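First the structure, in the form of C-alpha cells, and then the observations on it.
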Amino acid sequence: MTERRTSSISSRKQPQQARSTELVAAILDAAVQVLTKEGAQRFTTARVAERAGVSVGSLYQYFPNKASILFRLQSDEWRQNISLLRDILEDAARPPLHRLRTLVHAFIRSECEEAAVRVALNDAAPLYRDAPEAREVRASGERIVETFMREALPKASDAVRAMAGDLITTTLSTVGKDFSESPRSQAEIESYADAMADMFCAYLKSLGKR
C-alpha cells in the first residue's frame, strides 16, 4: 500500500518535553537505519515506526508523512553544512584562501563520513527539493558564499564573483559526492582535498589578477 501524500513536509509539532524529544530522536535514528538499509524507494513510515519501536500513530504526531521525515533528515544535514560554511567562511581573522582550503577539507571529510545517508537522501530529493523550506535553506547558504566572494575577490564584478561562487560550490558538491561513494582512507581524503583546494585557490588568484 502506498502512503497518502500531502503537501506538507514540515514536522507537525516540535517536542516540548524530554520524553517527546527522546521519541523524535528515536524516530530519526530509526529513519537513518531504514534509509541506509532499504534505500529511499522502500522507505516508509511503517518501517520507521517498527524500527523505532513506536506506533505509526505516535510517529504521525510529529511527522505527517515519509517526506516530512526525509526532509527533517535532509534539513539537519543542510543545517550542519550551513553551520560549517558560516563558521569557516565568516572567520575574518584568517585570509580568504586559507578559509577556502579549510572548508574544502572539512566538506570532503564530512561527505565521506555521511556517504550512505547522503546518497539515500539524494535519491529522495524529488520529494522535497522544490519546497519553500528547501529553497530557503539553499538561499541561506548562497548568501554566505556571496559574502565570502566579496572578500576573496574585492575588485571583481558581481557577475564574476557569482560565477566563481557557483562554480566552486557546484564542483565541490558534485565531485565530493562522487568521491565519497567509494570507501576512502584518511590519506586519500586529505590528498584529494588538498588537490581540490589547490585548484580552487589557483582559480581565485587568477580572477583576482584580471
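The values are calculated or read from the model by the stated rules, or taken from the named source; none is laboratory data. For clarity, every value in this text was computed on a predicted model and none was experimentally measured. Here Cβ is always computed from backbone atoms with ideal geometry, including for glycine, and neighbour counts include all displayed protein chains. These accessible areas exclude ligands, DNA and RNA; they are computed on the full protein's heavy atoms, side chains included. Shrake-Rupley method; radii C 1.70, N 1.55, O 1.52, S 1.80 Å.
Things to note:
- Within the chain: Cβ-based charge dipole about Cα centre, in debye rounded to nearest 20 (Lys, Arg +1; Asp, Glu -1): 460
- For the chain, the relative contact order comes to 24 percent (Cα pairs under 8 Å, sequence separation of at least 6).
- What separates the Cα centres of segment 19-49 and segment 129-208 is a distance of 31 Å.
- Spatially near lysine pairs across the chain, Cα under 26 Å, sequence gap of 8 or more or different chains: 7
- Three principal axis lengths of segment 98-177 [C-alpha, angstrom, descending]: 41, 29, 15
- Computed packing ranks the peptides 102-114, 52-64 as 102-114, 52-64, most packed first, by mean other Cβ atoms within 10 Å.
- Zero-based 10 Å bins, Cα pair distances in segment 141-189, whole percents: 24, 38, 23, 14, 0
- Global size of segment 18-62 as Cα Rg and Dmax, reported in angstrom: 10.0, 32
- Å² of accessible area per residue within the chain, as computed with a 1.4 Å probe and no ligands counted: 56
- The Cβ shell under 12 Å around residue 200 holds other residues with a net charge of +1, Lys and Arg each +1, Asp and Glu each -1.
- Membrane-span-like helices in the chain, defined here as complete DSSP H runs extending at least 18 Å along the helix axis by their C-alpha atoms with mean Kyte-Doolittle hydropathy no lower than -1.0, are 18-38, 66-89, 96-113, 132-152, 158-180, 186-208; this is a sequence and geometry rule, not a statement about a membrane.
- Per residue of the chain, the DSSP helices (runs of n ≥ 4 H) give a summed -39500 (n - 2.57) that works out to -24500 deg cm²/dmol at 222 nm.
- Normalising by residue count, segment 73-210 has a Cα convex hull of 103 Å³ per residue.
- Percent accessible area from carbon and sulfur atoms, the chain, protein chains only, probe 1.4 Å: 51
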